[in-house]
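Worksheet: one structure, shown below.
The values are calculated or read from the model by the stated rules, or taken from the named source; none is laboratory data. Just so you know, these numbers come straight off a predicted model, no measurement behind them. Cβ sites come from the backbone with ideal geometry, for glycine too, and all protein chains shown count toward neighbours.
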Amino acid sequence: MKIAVDAMGGDHAPGAVVEGAVLAARAHDLEVVLVGRQSLIRAELARAGGMSARVRIRHAGDVVAMDEPHPAQAIRRKPDASLRVCFDLLRAGEVDAVVSAGNSGAVMAGALLFLGRLEGVDRPAVATALPTRRGRRCVLIDAGANTECEPVHLAQWGLCAEAYARAILGIEAPRIAVLSNGEEATKGTELTRRAAELLEG
């Protein structure tokens, strides 16, 4: 698998991002394309042990800042931003995935603008794989991209989480549920109760 990593995205970029990408490339069967300001990435790679055959750099001279007031506009208007270049690589088939710890609004807008939606999914959501007490992983979705939603969105995201759990985590029969304040059908808000009904039916 080849992954484009937004080396300039995140609170501690590019240092922490480059270090993490190098560790991931060493530990897994991955190729990593670090996208961002080449001189900064090279300096961080030297600190992390240098280049390897599994890590390469793609220069991008601009950045969508974490405090960008209009992230959707920024991802459109900054074609040389590291995140935008990551999406361009994915769309062109040069990589298999994009990873960014950068501006989540820009990530979501870029995914919609340059990749599109899954069929039957009205809006995107952020998925996070979390460890469990049994040493497995579970998928939490939406982990922060949407401040308001409808029950149908929660149900759609549950199906997205199921697909992620099967394809990425290798779970053959994932269990899908709505996270609420209790497991009884009467618990939660109207939103969570209705979403649970949609998932069951």
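Taken over the stretch 132-176, residues that are under 14 Å from the mean Cα position of the chain (by Cα) and on the phi > 0 side of the Ramachandran plot amount to 1.
Please verify whether ALA111 is in a helix (DSSP H, G or I) and outside the structural domain of HIS12 (by TED's automatic domain parsing), treating the condition exactly as stated.
When the stated conditions are applied, ALA111 does not pass them.
Those helices (runs of 4 or more DSSP H) of the stretch 1-89 in which 1 or more residues are under 23 Å from ILE168 (Cβ atoms) and touching a strand residue (DSSP E or B) at 6+ places or on another chain (Cβ under 8 Å) occupy 15-27. Close contacts from the stretch 38-60, counting a first residue that is free of Cβ contacts under 8 Å to residues at least 24 places away in the same chain and a second that is surrounded by fewer than 16 Cβ atoms within 10 Å (Cβ to Cβ) and β-branched (Val, Ile, Thr), with Cβ to Cβ under 7 Å and a gap of 6+ residues or different chains, come to none at all.
Sort out which residues of the stretch 20-34 are surrounded by 19 or more Cβ atoms within 10 Å (Cβ to Cβ) and in contact with a Leu (Cβ under 9 Å, 6 or more places away or on another chain), and write them in order of number. Give the derivation first.
Within the stretch 20-34, the first condition is being surrounded by 19 or more Cβ atoms within 10 Å (Cβ to Cβ), and the residues that meet it are 21-22, 25, 32-34.
The answer is ALA21, VAL22, VAL33, LEU34.
Scan the stretch 155-201 for residues that are in a helix (DSSP H, G or I) and among the hydroxyl-bearing types (Ser, Thr, Tyr) and the total you get is 2.
Just checking, does the stretch 167-183 include any residue being touching a residue at least 40 places away in the same chain (Cβ under 8 Å) and within 27 Å of ASP88 (Cα to Cα)? Checking the stretch 167-183: at least one residue is touching a residue at least 40 places away in the same chain (Cβ under 8 Å) and within 27 Å of ASP88 (Cα to Cα). In this structure, is VAL85 of a type outside the set (Gly, Ala, Ser), buried (at least 16 other Cβ atoms within 10 Å of the Cβ), within 13 Å of the chain's Cα centre (by Cα) and within 27 Å of GLU68 (Cβ to Cβ)? It is false that VAL85 is of a type outside the set (Gly, Ala, Ser), buried (at least 16 other Cβ atoms within 10 Å of the Cβ), within 13 Å of the chain's Cα centre (by Cα) and within 27 Å of GLU68 (Cβ to Cβ).
For (1) of a type outside the set (Lys, Arg); (2) surrounded by 14 or more Cβ atoms within 10 Å (Cβ to Cβ); (3) at pLDDT 95 or above; (4) not assigned by TED's automatic domain parsing to the domain that holds GLY93, each residue gets a yes or a no:
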residue	(1), (2), (3), (4)
VAL18	yes, yes, yes, no
ALA53	yes, no, no, no
ILE57	yes, yes, yes, no
GLY61	yes, no, yes, no
HIS70	yes, no, yes, no
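Under 30 Å from LEU34 (Cβ atoms) and either part of a helix (DSSP H, G or I) or touching a residue at least 12 places away in the same chain (Cβ under 8 Å) (or both): which single residue out of VAL152, VAL139 fits that description? First the steps, then the outcome.
Working: VAL152 fails: under 30 Å from LEU34 (Cβ atoms).
None of the other options fit; the residue is VAL139.
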